[in-house]
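The next block holds one structure in the form of structure tokens; read it before the comments.
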């Protein structure tokens, strides 16, 4: 084999190696691009799933409950205005009969027509949307405090209506669990903030 043939063979090998390297570089670039594309699509899907879940939390659970609590608070403030003080039961008043006759009528009317029905509506919302509760373990105490309050009140009220002996008269002075209202309103605010952030991110993509 002469020198020219050897040179031609070496040149062909070099060209082949360059082609192989070039093909490998293109293949790797394509594969990396596909992986980045898949990662982007997956991240985008996760954002959409998160937004859809938050949409449900806001529209089915925290939004409706917060609105019911706000409306109930308006009614309760009107009751206090009618009573002329900042609490229904004054110091050393522990049962319904401790109130004056007119005050009893005002409070019982509120309890029967608004308090118990609204609490029952909230219980039903929680029952249907338990899976939407935000950070269940951290907020279990607030949720359970409300359920104990509302379900317990309904039970004693039903017993009283059917002349079943109980301590219902004392239950009229039990305070609504404020930690539940705090949980609902603060969580709704947090979810709405995150909801807006996700909308902005998704629109940018």
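Just to be sure I understand, how many residues within the stretch 109-139 are without any contact (Cβ under 8 Å) to a residue 40 or more places away in the chain, in contact with a helix residue (DSSP H, G or I) (Cβ under 7 Å, 6 or more places away or on another chain) and over 20 Å from residue 56 (Cα atoms)?
Residues meeting the conditions: 3.
Out of curiosity, is residue 52 exposed (fewer than 13 other Cβ atoms within 10 Å of the Cβ), at pLDDT 80 or above and assigned to a helix (DSSP H, G or I)?
Values: exposed (fewer than 13 other Cβ atoms within 10 Å of the Cβ): yes; at pLDDT 80 or above: yes; assigned to a helix (DSSP H, G or I): yes.
Yes, satisfied.
Sort out which residues of the stretch 70-112 are closer than 17 Å to residue 156 by Cβ and modelled with pLDDT of 95 or more, and write them in order of number.
Result: no residue meets the conditions.
(1) modelled with pLDDT of 90 or more; (2) exposed (fewer than 14 other Cβ atoms within 10 Å of the Cβ); (3) over 34 Å from the mean Cα position of the chain (by Cα): which one isn't true of residue 23, the others all being true?
(1)
Is one or more of the residues making up the stretch 95-111 within 19 Å of residue 176 (Cβ to Cβ) and outside any helix (DSSP H, G or I)?
Yes, some residue in the stretch 95-111 is within 19 Å of residue 176 (Cβ to Cβ) and outside any helix (DSSP H, G or I).
How many of the residues making up the stretch 181-205 are outside any loop (DSSP other than H, G, I, E, B) and touching a residue at least 12 places away in the same chain (Cβ under 8 Å)?
So the count comes out to 16.
If residue 128 satisfies every condition in (1) within 26 Å of the chain's Cα centre (by Cα); (2) surrounded by 12 or more Cβ atoms within 10 Å (Cβ to Cβ) but one, which is the exception?
Unmet condition: (2).
Residue 97 - would you say it is loosely packed, with under 14 Cβ neighbours inside 10 Å and out of contact with any helix residue (DSSP H, G or I) (no Cβ under 9 Å at 6 or more places or on another chain)?
No: the conditions fail for residue 97.
Inspect the stretch 165-180 for any residue being under 13 Å from the mean Cα position of the chain (by Cα), part of a helix (DSSP H, G or I) and either within 29 Å of residue 53 (Cβ to Cβ) or free of Cβ contacts under 8 Å to residues at least 24 places away in the same chain (or both) and give the result as yes or no. Quick ask: steps written out before the conclusion?
Initial filter on the stretch 165-180 (under 13 Å from the mean Cα position of the chain (by Cα)): 180.
Filter again for part of a helix (DSSP H, G or I), leaving 180.
Retained after the next criterion (residues that are either within 29 Å of residue 53 (Cβ to Cβ) or free of Cβ contacts under 8 Å to residues at least 24 places away in the same chain (or both)): 180.
Within the stretch 165-180, one or more residues are under 13 Å from the mean Cα position of the chain (by Cα), part of a helix (DSSP H, G or I) and either within 29 Å of residue 53 (Cβ to Cβ) or free of Cβ contacts under 8 Å to residues at least 24 places away in the same chain (or both).
Are there any pairs, at least 6 apart or on different chains, whose C-beta atoms fall under 9 Å, with the first in the stretch 150-162 and closer than 24 Å to residue 180 by Cα and the second modelled with pLDDT under 90 and in a helix (DSSP H, G or I), and if so, which?
So the pair list comes out as 152/171; 153/168; 153/171; 156/168; 156/171; 157/168; 157/171.
The values are calculated or read from the model by the stated rules, or taken from the named source; none is laboratory data. Values in this document were obtained by computation on a predicted structure and should not be read as measured data. Methodologically, a virtual Cβ is constructed for each residue, glycine included, from the backbone with ideal geometry; neighbour enumeration extends over all protein chains shown.
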